[in-house]
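The structure under discussion appears below in the form of structure tokens.
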Amino acid sequence: MLKNISLTLIKDSNFEKIIKVVDNKTTLNTIICIHNTKRGPSLGGLRIYPYKSDDDSLFDVKRLSEGMTYKSSLANIPLGGGKSIINCLPKNITNDMLKLYAEILNDINGDYICAEDVGSNVEILDYIRTYTKFCAGISNGSGDPSLFTAFGVYRGIKATMETLYEQDGSLQDKTIAIQGLGNVGSYLLKLLFPTGAKILISDIDNDKQKILSTKYKAYISNNILEEKCDIFAPCALGGIIHTNNINKLKCKAIAGAANNQLLTEDLHFKLHKLGILYVPDFAINAGGIINVSQELKNEGYDFEKSKSDVDKIYYTIKNILHVSKVNNKTPYEISINIAKNNLKY
């Protein structure tokens, strides 16, 4: 059992368990949030990020945790939903902090398994794994999930384009705007490059923008949210669509990798009224969790099986958009209903 640390259980009837640990010795400030374990142990990324306040970090980890439940459920994999955060700059993370974090995972005893997210990487996960078995996405397992997340988004974009234009989903001469060129956004750009699409890009790292725009013949945008395009693909942090900018969108569809793209969930109704097709993030960005889940199987990780399973995101999105159109309901409503029904098995 953990000793000499400040551990707080945060009560919330919508979550199975929320644990906050603050340790003065290591300066670790972490929250581990378990939303649902009906389908299996909760699995979700460790986000290392400098939140402005404790309220901000709790809000984020709760939304991300719940999203992981629906993501795994919709993908029909035997995992629940959880997430964790360490409140600090990634460059300030220490081995002592990670070791204590691993000890907390051991104390939870398998109800939550951590993986990669913003601010963490395979190297960090490998270190955590030396102190706990409740960690996935390691170098001798499924590794960096970014490529699989990007591949799932790419296949989801193809399905979305087919729905928009009722054709074969060709991306030739279509305009796609990518916000965020981290690992997932960069991989998505690479996958889109050979399709003949016109690609707009935006990132806070100007040097990266210039390098990737040259390499992939993409156009740098100074106002990516308001670009006229077929598909807007948010691939950075969440909450980028809100009441102050939603009316400025000029895209025909939103289909990207970022979690919680809408600042408040009710905005999917507003997008529907605006005639913008919104593909829910937990439906299209499940490639990473699908890939990591392969690592947890008794037979071990299988790259080709993982890729085949991620490819099914195309059919998931096609079905969601079809049912949405037939029933005149938003894709979000259809997705969340399927995910919640899957939780009853």
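Only the coordinates and a few stated rules stand behind these numbers; no lab work does. It should be emphasised that the depicted structure is a prediction, and the values quoted were computed from it without experimental measurement. Counting neighbours? That spans all protein chains shown, and the Cβs are built from the backbone with ideal geometry, glycine included.
Anyone know which of Thr160, Thr316, Thr264 comes out most mobile in the 10 Å Cα GNM of the chain?
Between Thr160, Thr316, Thr264, it is Thr264 that shows the largest mean-square fluctuation.
Could you calculate the contour length gain from Lys325 to Ser6, that is, 0.36 nm times the residue separation minus the distance between their Cα atoms, to one decimal place in nm?
109.8 nm
Give the residue from His272, Thr26, Cys135 lying farthest towards the positive end of the charge dipole for the chain; charges sit on Cβ (+1 for Lys and Arg, -1 for Asp and Glu) and the dipole is referred to the Cα centre.
Positive-end residue among those listed: His272.
Please give the FRET efficiency for Lys99 paired with Phe303, using the beta carbon to beta carbon distance and R0 = 51 Å, rounded to the nearest 0.05.
0.95
Only bridges with both residues in the stretch 114-228 count here: give the DSSP antiparallel percent, nearest 5.
In the stretch 114-228, approximately 0 percent of DSSP beta bridges are antiparallel ones.
Sort Glu166, Glu227, Glu265 so that the residue with the fewest other Cβ atoms within 10 Å of its own Cβ comes first and the one with the most comes last.
The fewest-first ordering by Cβ neighbours comes to Glu166, Glu265, Glu227.
Sorted by average packing, counted as other Cβ atoms within 10 angstrom per residue and highest first, what order do 237-243, 325-331 take?
Answer by packing, highest mean first, reads 237-243, 325-331.
Any idea how far the Cα center of the stretch 289-345 sits from the one of the stretch 178-193, in Å?
Centre-to-centre distance over Cα atoms comes out at 21 Å.
Under a crude label model (7 Å from the Cα following the beta-carbon direction), how far is Asp55 from Asn245 in nanometres?
Placing both labels 7 Å beyond Cα along the Cβ direction yields 2.2 nm.
Please list the helices of the chain that count as membrane-span-like by this rule: a mean Kyte-Doolittle hydropathy of at least -0.5 together with Cα atoms stretching 27 Å or more along the helix axis, each helix being a complete DSSP H run.
146-165
Among Asn121, Asn87, Asn245, which one moves the most in a GNM of the chain with springs linking Cα atoms closer than 10 Å?
Asn245
Per 5 Å bin, what percent of the C-alpha pairs of the stretch 281-343 does each bin hold, from zero upward?
Spelled out bin by bin, the stretch 281-343 gives 3, 17, 23, 21, 15, 11, 6, 3, 1 percent.
Take the Cα atoms of the stretch 117-233, build their convex hull, and give its volume per residue in Å³.
Taking the convex hull of the Cα positions in the stretch 117-233, it is 122 Å³ per residue.
Jot down the radius of gyration and Dmax of the stretch 73-178, Cα atoms only, both in angstrom.
Cα radius of gyration and Dmax of the stretch 73-178 are 18.3, 55 Å respectively.
Hey, can you grab everything whose amide H is under 5 Å from the amide H of Asp144? Only 5+ residues off in sequence or another chain; H modelled, so Pro and N-termini drop out.
none
Magnitude of the Cβ-charge dipole of the chain, K/R +1 and D/E -1, about the Cα centre, nearest 20 debye?
560 debye
Given N residues in the stretch 65-122, what is Rg(Cα) / (2.2 N^0.38 Å)?
Normalised Rg, Cα atoms only: 1.26.
Mind checking the log10 I(q)/I(0) for the chain at q = 0.13, 0.14 Å⁻¹? Debye, one equal scatterer per Cα, no solvent, two decimals.
-0.98, -1.13
Given the C-alpha centroids of the stretch 1-48 and the stretch 64-142, what is the distance between them in whole angstrom?
Distance between centres, Cα-based: 11 Å.
If you place +1 on the Cβ of every Lys and Arg, -1 on the Cβ of every Asp and Glu, and leave all else neutral, what size is the dipole of the stretch 64-124 about its Cα centre, to the nearest 20 Debye?
160 debye
Per DSSP H run of n ≥ 4, the term is -39500 (n - 2.57); total these for the chain, divide by its residue number, and report the mean residue ellipticity at 222 nm rounded to 500 deg cm²/dmol.
So the helix-based figure for the chain works out to -12500 deg cm²/dmol.
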